[in-house]
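Heads up, the thing below is written out as C-alpha cells.
The values are calculated or read from the model by the stated rules, or taken from the named source; none is laboratory data. From a predicted model like this one, the values you see are computed outputs, not experimental measurements. Note that each Cβ is placed from the backbone with ideal geometry, even for glycine, and that neighbours are counted across all protein chains shown.
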Amino acid sequence: MTSTTPTCTSTTSPHPQAQRRILAVLVTSQVLSGAGLAAGVTVGALLAQDMLGSTTLAGLPSALFTAGSAVAAIAVGRISQARGRRPGLAAGYLTGAIGAAAVIAAAAAGNPVLLFLALFVYGAGTATNLQARYAGADLAAPAHRARAVSAVLVATTLGGVVGPNLAAPTGDLAHTLGIPALAGPFLLAGAAYALAALVLLLWLRPDPLLLARDLDLQQQAASAATTADDAEAASARKRGPGLMLGALTMILTQLVMVAIMTMTPVHMHEHGHGTAASGLVIAIHIGAMYLPSPLTGWLVDRYGRIAIATASGLTLLAAGIVAAAAPADSVWLLALALALLGLGWNFGLVSGTATITDAVPLATRAKTQGMVDVSIAIAGATGGLASGIVVTAAG
C-alpha cells in the first residue's frame with residue numbers, strides 16, 4: 001500500500017479539508033471566548049475602583065490580567081509545543097474560567113487581595129484567545145496566512161460585542177444572587193471560557209500544529225532525495241528575518257491600545273456616564289478590534305506586512321488625538337476614538353502575526369509564539385498600570 005504526501009504551493013494549504021474543519025472549530029470557540037474576554041475589559045477597573053475607593057489603582061486590574069496572560073502565554077505555548085494546540089488552548093480557557101469564578105468570590109467577600117489574585121488567573125483567557133490565531137495559521141498556505149489569522153480573530157467579534165452590552169443584565173442577575181452587580185459580567189465570562197475549552201477538547205481534531213509537523217516531516221523526507229533539495233529544505237526550516245519586526249509591531253500596538261482602553265470606562269464614569277454607555281463604547285472598540293479582520297487579512301496578503309504595520313501606527317496616533325480632544329460629554333466622539341484604537345490594534349496584530357509565522361519554523365513555532373505573546377502581554381500590563389497613574393496625576 002502506498003501513501004502520498006500532500007504538497008503545498010504558496011497559495012494552497014497542504015491539507016485543505018483539515019484546515020476548513022480546524023477554522024470552523026476555532027471560530028466557534030472564539031465566539032464563546034470573546035464574551036469572556038470582554039467582561040474584564042468592561043468592569044474590571046470599575047470593580048477595583050469601587051472596592052478601593054480610589055482611581056489611583058484603577059489600572060491595576062488591567063495590568064494584572066495582562067500580566068497573568070503573560071505567564072499563561074508561556075504555559076500555553078509550551079503545552080502546545082509538547083502536545084499540540086488542542087490541550088494547550090483548552091487548558092488556557094479552563095484556567096480563565098477558574099479565574100472568573102475567583103473574581104466573583106472576591107467581590108462577594110469584599111476582598112481586594114483575592115480580587116487581584118483572581119484577575120491574574122483570569123488573564124489566562126486573554127492569552128489563550130490571542131494564541132488561538134496561531135492555530136489558524138498552522139496549516140494555511142503562506143500567501144493566505146493573514147486571511148487564516150483574520151478568520152479566527154473576527155470570530156471574537158460576536159462575543160466581544162455582545163459581552164459588554166450584557167453588563168447591565170448580568171449585573172442584575174448578580175444582584176439577585178447576592179453578588180455585587182459589577183461582578184455580574186464575570187458570571188458570563190466563566191461560563192463562556194469553560195464552553196470554549198469544551199469545544200476545543202471535543203472537536204479540534206486533527207490538531208493543526210501536530211498535523212503541520214507531520215506533513216513537514218514527510219516533505220523533508222521526500223526532498224532529501226537530492227543534496228540540492230535537502231539543502232533547500234534545511235534552509236526553509238531556519239528562522240526567518242521577520243521575527244523581531246513582527247514582535248515589535250505587536251508589542252507597541254498592545255501598549256498603546258491597553259493604555260487608552262483601560263481608562264476609558266473610568267473616564268466616562270467620572271464624567272457621569274453610566275455602565276450602559278461605557279459598555280457601548282467598549283463594545284464598539286472590541287468590534288473594531290476584530291470585525292475588520294477579513295479585510296485586514298486580505299490587505300496584509302495583498303500589500304505586504306510592513307505596509308499594514310505602518311498603517312497601524314498612523315491609525316493608533318489618530319485614535320490618541322481624537323480621544324484627547326473629545327469633550328467629556330461626547331459619547332460618540334469617544335466611541336470614534338476607541339473604534340480607531342481597535343482598528344489600529346487589528347492592523348498591527350494581523351500583520352505582526354503573519355510576519356512571525358513566516359519567520360518561525362514549525363519545529364519551534366508554538367514555543368516562540370508563546371514567548372512573543374509574553375512580550376505583548378508585558379507591554380499591555382505596562383500600559384494598563386501606567387494609565388491609572390497618569391490619570392491620577394494629570395486628571
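Would you point out the residue of segment 308-322, among those that are of a type in the set (Ser, Thr, Tyr) and buried (at least 18 other Cβ atoms within 10 Å of the Cβ), that is farthest from Gly297 (Cα to Cα)? Walk me through how you get there before you give the answer.
So the first thing to find is which residues in segment 308-322 are of a type in the set (Ser, Thr, Tyr), and the list is 310, 312, 315.
Checking which are buried (at least 18 other Cβ atoms within 10 Å of the Cβ) leaves us with 312, 315.
Numbers: Ser312: 13, Thr315: 16 Å.
That would be Thr315.
If you go through segment 186-197 one residue at a time, do you hit one that is touching a helix residue (DSSP H, G or I) at 6+ places or on another chain (Cβ under 9 Å), buried (at least 20 other Cβ atoms within 10 Å of the Cβ), without any contact (Cβ under 8 Å) to a residue 12 or more places away in the chain and more than 26 Å from Lys367 (Cα to Cα)?
Checked against the condition, which is being touching a helix residue (DSSP H, G or I) at 6+ places or on another chain (Cβ under 9 Å), buried (at least 20 other Cβ atoms within 10 Å of the Cβ), without any contact (Cβ under 8 Å) to a residue 12 or more places away in the chain and more than 26 Å from Lys367 (Cα to Cα), segment 186-197 yields no hits at all.
List the pairs whose first member sits in segment 134-159 and is more than 15 Å from Gly246 (Cβ to Cβ), whose second member is assigned to a helix (DSSP H, G or I) and among the aromatic types (Phe, Trp, Tyr), and whose Cβ atoms are under 6 Å apart, counting only residues at least 6 apart or on separate chains?
From residues that are more than 15 Å from Gly246 (Cβ to Cβ), the pairs are Leu153/Tyr290; Val154/Tyr290; Thr156/Tyr290; Thr157/Tyr290.
Of all residues in segment 359-374 being part of a helix (DSSP H, G or I) and touching a Leu at 6+ places or on another chain (Cβ under 9 Å), which is surrounded by the fewest Cβ atoms within 10 Å (Cβ to Cβ)?
Step one: of segment 359-374, the residues part of a helix (DSSP H, G or I) are 359, 362-374.
If we keep only those that are touching a Leu at 6+ places or on another chain (Cβ under 9 Å) as well, we get 359, 362, 365-366, 368, 372-373.
Details: Ala359: 19, Leu362: 17, Arg365: 22, Ala366: 27, Thr368: 21, Val372: 24, Asp373: 30.
Here the residue is Leu362.
Just wondering, is there one or more residues in segment 323-332 that are part of a loop (DSSP other than H, G, I, E, B) and surrounded by 16 or more Cβ atoms within 10 Å (Cβ to Cβ)? So that I can check it myself, show each step before the final result.
From segment 323-332, those part of a loop (DSSP other than H, G, I, E, B) are 326-330; that's our starting set.
Checking which are surrounded by 16 or more Cβ atoms within 10 Å (Cβ to Cβ) leaves us with 326.
Yes, segment 323-332 contains at least one residue that is part of a loop (DSSP other than H, G, I, E, B) and surrounded by 16 or more Cβ atoms within 10 Å (Cβ to Cβ).
Being more than 17 Å from Thr156 (Cα to Cα) and in a helix (DSSP H, G or I) is true for just one of Ala309, Ala283. Which residue is that?
Residue meeting the stated conditions: Ala309.
Considering each of Gly246, Gly240 in turn, give the residue that is at pLDDT 90 or above, small (Gly, Ala, Ser) and either out of contact with any strand residue (DSSP E or B) (no Cβ under 7 Å at 6 or more places or on another chain) or not in a helix (DSSP H, G or I) (or both).
Gly246
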